[in-house]
Amino acid sequence: MRNMRTLIFVLTISISSVQAQDAKFTEVWRPEPRTVLPGKSPSDAPADAIVLLNGNDLSQWENVSDKKTIKWRSGDNAMTVIKGGGNIQTKQSFGDCQLHIEWRTPAEVKASGQNRGNSGIFFMSRYELQVLDSYGNRTYSNGQAGSIYKQHIPLVNASKAPGEWQTYDVIFTAPRFNADSSVKSPARITVFQNGILVQNNVEIIGSTSNVGIAHYIPHPEKLPLMLQDHGDEVSFRNVWVREL
Ligand code: MG
């Protein structure tokens with residue numbers, strides 16, 4: 001019995017040392033990641049993305065209020081808020097996703113603070129990534145461009161000047177809820193503004209709220225992406241999403 005144990009021990013040590021010397025032992029070949037053809041530039045949608053806006057086709061969007069054709073302006077390969085046009089949303093719903101979106105605040109500066117180039121990207125129609133002209137425009141830090149509105153201050157101010165196109169590249173993880181409506185796992189978000197990290201996998205506290213502390217209300221696994229009409233003529237272009 002004792003000899004047998006010694007033999008097993010010696011064999012184990014021998015096999016381990018052979019494995020340690022063979023680089024192949026730590027190679028993993030399965031699964032093989034599927035191939036995705038990238039776009040020609042970071043603005044272009046990869047082959048497996050859902051294109052939500054490319055050029056002047058607004059067919060992927062609808063009014064939030066009546067689900068009819070949006071009243072925003074289309075032209076120059078972009079869509080632009082018309083004051084009073086109302087919030088718009090995608091016809092399709094999304095949960096976990098990677099989003100690329102480009103936005104531009106008006107070149108002509110007419111106001112300050114929250115009234116200067118304000119819009120917003122609401123994941124699942126609830127969780128706002130703020131869009132604002134934050135180029136030399138001080139406002140509360142958790143309400144400037146790159147903030148998760150009233151929840152998370154951006155790591156830096158990565159804003160370009162008014163009238164210039166800016167990019168957001170986002171990784172969004174939807175919240176999960178238990179059967180008893182409690183939160184199983186909160187939503188998380190990572191945001192790059194103009195290629196600069198501004199939100200690093202932060203935990204979203206709840207549905208965006210302008211007044212009071214945000215909290216979660218259980219909702220479906222997938223919901224539309226919403227863009228805000230805050231009364232300023234903010235434009236959007238090259239919008240695509242990859243479901244994760
Ligand atoms: Mg906003």
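The values are calculated or read from the model by the stated rules, or taken from the named source; none is laboratory data. Note that the structure is predicted; figures quoted are calculated from it, not measured. Glycine also receives a Cβ, built like all others from the backbone with ideal geometry; neighbour counts cover every protein chain displayed. Areas reflect the complete protein model, heavy atoms only, side chains present, ligands, DNA and RNA absent. Shrake-Rupley method; radii C 1.70, N 1.55, O 1.52, S 1.80 Å.
Just to verify a result, which residue in the range 76-97, among those that are outside any loop (DSSP other than H, G, I, E, B) and open to solvent by 30 Å² or more (accessible area, probe 1.4 Å), is nearest to residue 122 (Cα to Cα)?
Among them, the one singled out is 93.
Cβ contacts < 7 Å: first residue within 20 Å of residue 72 (Cα to Cα), restricted to the range 90-113; second residue of a type in the set (S, T, N, Q) and modelled with pLDDT under 95, any location; separation 6+ or different chain. Result?
102/43
Within the range 171-214, how many residues turn out to be touching a Ser or Thr at 6+ places or on another chain (Cβ under 7 Å), part of a strand (DSSP E or B) and hydrophobic (A, V, I, L, M, F, W, C)?
So the answer is 1.
So, of the residues in the range 204-233 that are over 12 Å from residue 126 (Cα atoms) and in contact with a strand residue (DSSP E or B) (Cβ under 6 Å, 6 or more places away or on another chain), which turns out to be nearest to the ligand (Cβ to nearest atom)?
230
Report whether or not residue 158 is open to solvent by less than 40 Å² (accessible area, probe 1.4 Å), among the aliphatic types (A, V, I, L, M) and in a loop (DSSP other than H, G, I, E, B).
So residue 158 passes the test.
With respect to residue 108, determine if the residue is of a type in the set (Asp, Glu) and part of a loop (DSSP other than H, G, I, E, B).
For residue 108, the condition - of a type in the set (Asp, Glu) and part of a loop (DSSP other than H, G, I, E, B) - is met.
Name every residue in the range 111-126 that is within 12 Å of the ligand (Cβ to nearest atom) and either within 14 Å of the chain's Cα centre (by Cα) or aliphatic (A, V, I, L, M) (or both), in order of residue number.
120, 121, 122
Checking residue 69 against (1) at pLDDT 95 or above; (2) open to solvent by 10 Å² or more (accessible area, probe 1.4 Å); (3) more than 15 Å from the ligand (Cβ to nearest atom), which test does it fail?
Checking residue 69 against (1) at pLDDT 95 or above; (2) open to solvent by 10 Å² or more (accessible area, probe 1.4 Å); (3) more than 15 Å from the ligand (Cβ to nearest atom), the one that fails is (1).
State the number of residues belonging to the range 41-57 that are more than 11 Å from residue 239 (Cα to Cα) and open to solvent by less than 80 Å² (accessible area, probe 1.4 Å).
Matching residues across the range 41-57 total 5.
Counting only residues that are over 17 Å from the mean Cα position of the chain (by Cα) and on the phi > 0 side of the Ramachandran plot, which one in the range 162-202 is least open to solvent (accessible area, probe 1.4 Å)?
163
Count, please, the residues in the range 89-110 that happen to be within 14 Å of the ligand (Cβ to nearest atom) and over 17 Å from the mean Cα position of the chain (by Cα).
Qualifying residue count for the region: 1.
Please verify whether the range 124-131 includes one or more residues that are within 26 Å of residue 159 (Cβ to Cβ), open to solvent by less than 80 Å² (accessible area, probe 1.4 Å), modelled with pLDDT of 95 or more and touching a helix residue (DSSP H, G or I) at 6+ places or on another chain (Cβ under 7 Å).
Yes - at least one qualifying residue is present in the range 124-131.
Among (1) within 14 Å of the ligand (Cβ to nearest atom); (2) without any contact (Cβ under 8 Å) to a residue 60 or more places away in the chain; (3) surrounded by fewer than 22 Cβ atoms within 10 Å (Cβ to Cβ), which single condition is residue 145 missing?
If we test residue 145 against (1) within 14 Å of the ligand (Cβ to nearest atom); (2) without any contact (Cβ under 8 Å) to a residue 60 or more places away in the chain; (3) surrounded by fewer than 22 Cβ atoms within 10 Å (Cβ to Cβ), just (3) comes out false.
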